[in-house]
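A.B. asks: Quick one: structure below, then a few questions.
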Amino acid sequence: MNGIHDMGGVHGYGPIDREEDEPVFHHAWEGKALALARVGLAGGHFNLDEFRHAMERIAPVQYLSISYYERWLEGTLMMLDAKGVVSAEEFQTRLDELSKSSGGGA
Amino acid sequence: MTSDNNVELRVRALESLLLEKGLVEAPAIDEIIDLFENRLGPQNGGKVVVRAWTDPAFKARLLANATEAIVEMGYDAVQGEDMVVVENTPEIHNVVVCTLCSCFPWATLGLPPVWYKSAPYRARAASDPRGVLVEFGTEISDEAQVRVWDSNAELRYMVLPERPAGTGAMNEDELLALVTRDSMIGVTRAQNP
């Protein structure tokens, strides 16, 4: 299946942007996002192929505009919803609660 | 959905739900982060390369069955993936990419850098590897062959860079300092002493 993720040979993305002495994670939430995906995998809630396929199903414009670990988070959320572990509604409710208690920053 | 503030909150929301459901405990999350942040990384791959440079029997095992040779050094596969190590020589220069996403030899190199996961590298490593190598400051002669290895979930590639000339008298720690992460991806050579 081709799609936005299938980038081999695509023209027009420009030069490769590199960072010297790059940290493993640029923000604490990135490590958390990776860890939560691995919790889903290790817990047998979804497998690696399902997870990868979920990230590949992120809408093309969103896929290109969000960062790498945001794709991990969205893939994890999609899989946990699909498997009935954490529903999208349940997640949204919690997000709204946290958003309110943190001053509505979202 | 794109601001760091919002994504930080989204991660926190999911974390709190998984903790609440008893699907994970907080120390396990910290343990995973510590593994990727501190214990996995190119320092492991560097030791594999130096051993291959200094121990011909190990090098033969590494090129014949990298998965087993790497486990022999104590670096287990993280996702049950198989490893293949390809050797750079004056005649053949190997480069690793993952055009579909970010597959990378976690056991030996840890998590990939941002550029490896970026659209420009994924797109162009496949179609114009010599151009990409020039961008990394790596000149390859016209006579040498460039081979591009596209990683996938089950099979991860690592490059065994050429041992630089003039390093015959160096000890293992000195050699280790010459082996960079990028040289094990194949976008650069090992550093000269």
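A.B. asks: As a footprinting exposure proxy, order B:Asp34, B:Asp142, A:Asp17 by other Cβ within 10 Å, with the fewest listed first.
C.D. replies: Least to most surrounded, the residues fall as B:Asp142, A:Asp17, B:Asp34.
A.B. asks: What FRET efficiency, computed as 1/(1 + (r/R0)^6) with R0 = 41 Å and r the Cβ-Cβ distance, is obtained for B:Met73 and A:Glu50, rounded to the nearest 0.05?
C.D. replies: Computed FRET efficiency for B:Met73 and A:Glu50: 0.85.
A.B. asks: Checking a compactness column here: for region B:40-185, what do you get for Rg(Cα) / (2.2 N^0.38 Å), N being the number of residues?
C.D. replies: For region B:40-185, the normalised Cα radius of gyration is 1.00.
A.B. asks: Taking a quarter of the surface of the convex hull around the Cα atoms of region A:29-101, what do you get in nm²? Don't skip to the answer; put the middle values down first.
C.D. replies: Values: hull surface 20.4 nm².
Averaged projected area of region A:29-101's Cα convex hull equals 5.1 nm².
A.B. asks: Okay, next question. Count, for each residue of A:16-26, the Cβ atoms from other chains sitting within 10 Å of its Cβ, then give me the mean as a whole number.
C.D. replies: Across A:16-26, the average partner-chain Cβ count within 10 Å equals 5.
A.B. asks: Given DSSP loops and a limit of at most 14 other Cβ atoms within 10 Å, what is the longest stretch of chain B that contains no such GluC sites (Glu not before Pro)? Write down the numbers at each step before the final one.
C.D. replies: Details: sites that count: B:Glu25, B:Glu91, B:Glu139, B:Glu143, B:Glu154.
With GluC sites (Glu not before Pro) excluded where exposed in loops, chain B gives B:26-90 as its longest stretch.
A.B. asks: Please average, across the residues of A:79-86, the number of beta carbons from any other chain that are within 10 Å of each residue's own beta carbon, and give a whole number.
C.D. replies: Per residue, the number of nearby Cβ atoms from other chains is 2 on average.
A.B. asks: Between A:Thr93 and B:Ala177, take the C-beta separation as r, use R0 = 51 Å, and let me know the FRET efficiency to the nearest 0.05.
C.D. replies: Result of the calculation: an efficiency of 0.45.
A.B. asks: Net charge within 12 Å of B:Asn192 by Cβ-Cβ distance, Lys/Arg positive one each and Asp/Glu negative one each, not counting B:Asn192 itself?
C.D. replies: Taking every other residue near B:Asn192 into account, the sum is +1.
A.B. asks: If you plug each phi of region B:98-111 into the Karplus form 6.51 cos²θ - 1.76 cosθ + 1.60 with θ = phi - 60°, what whole-Hz ³J(HN,Hα) values come out, in order, with x for Gly and Pro?
C.D. replies: Residue by residue, region B:98-111 yields 10, 5, 7, 6, 7, 4, 7, x, 4, 4, 10, 10, x, 7 Hz.
A.B. asks: Label B:Arg61 and B:Asn6 with points 7 Å out from Cα along Cα→Cβ: what is the distance between them in nm?
C.D. replies: According to this spin-label approximation, the distance is 5.2 nm.
A.B. asks: Here's something else I'd like to know. Could you pull out every residue, at least 5 positions away or on a different chain, whose amide H is within less than 5 Å of the one on B:Leu160? Hs are placed 1.01 Å off N in the peptide plane, and Pro or chain starts have none.
C.D. replies: It is B:Val86, B:Glu87, B:Asn88, by chain and number.
A.B. asks: Next question, about the same structure. Can you tally the net charge around B:Arg156? Count Lys and Arg as +1, Asp and Glu as -1, for every other residue whose Cβ sits under 12 Å from the Cβ of B:Arg156.
C.D. replies: -4
A.B. asks: Could I have the simple spin-label model distance between B:Asp150 and B:Arg39, label points 7 Å from Cα toward Cβ, reported in nm to one decimal?
C.D. replies: Computed distance between label sites B:Asp150 and B:Arg39 equals 3.4 nm.
A.B. asks: Oh, and also: To the nearest whole number, what is the average tally of beta carbon atoms from other chains within 10 Å of the beta carbons of peptide B:107-113?
C.D. replies: 2
A.B. asks: So what are the three principal axis dimensions of region B:1-121 from its Cα atoms, in whole Å, longest to shortest?
C.D. replies: Cα spread of region B:1-121 along its principal axes, largest to smallest: 52, 33, 20 Å.
A.B. asks: If you don't mind, there's one more thing I want to ask. Take the alpha carbon atoms of region B:43-108, find their center, do the same for region A:56-106, and report the distance between the two centers in whole angstrom.
C.D. replies: Answer, in whole Å: 35.
A.B. asks: If you bin the C-alpha pair distances of the protein assembly as shown every 5 Å from 0, what whole percents do you get?
C.D. replies: Cα pair-distance distribution for the protein assembly as shown, in percent: 1, 5, 11, 15, 17, 16, 13, 9, 6, 4, 2, 1, 0.
A.B. asks: Over 31 Å between Cα atoms: which of A:Lys100/B:Lys117; B:Lys21/B:Lys117; A:Lys32/B:Lys59; A:Lys83/B:Lys117; B:Lys21/B:Lys47 fall into that group?
C.D. replies: Flagged as over cut-off: A:Lys100/B:Lys117; B:Lys21/B:Lys117; A:Lys32/B:Lys59; B:Lys21/B:Lys47.
Each value in this text was obtained by applying a stated rule to the coordinates, not by laboratory testing. This is a predicted model, so every value here is computed, not measured. Glycine gets a Cβ as well: all are built from the backbone with ideal geometry, and neighbour counts include every protein chain shown.
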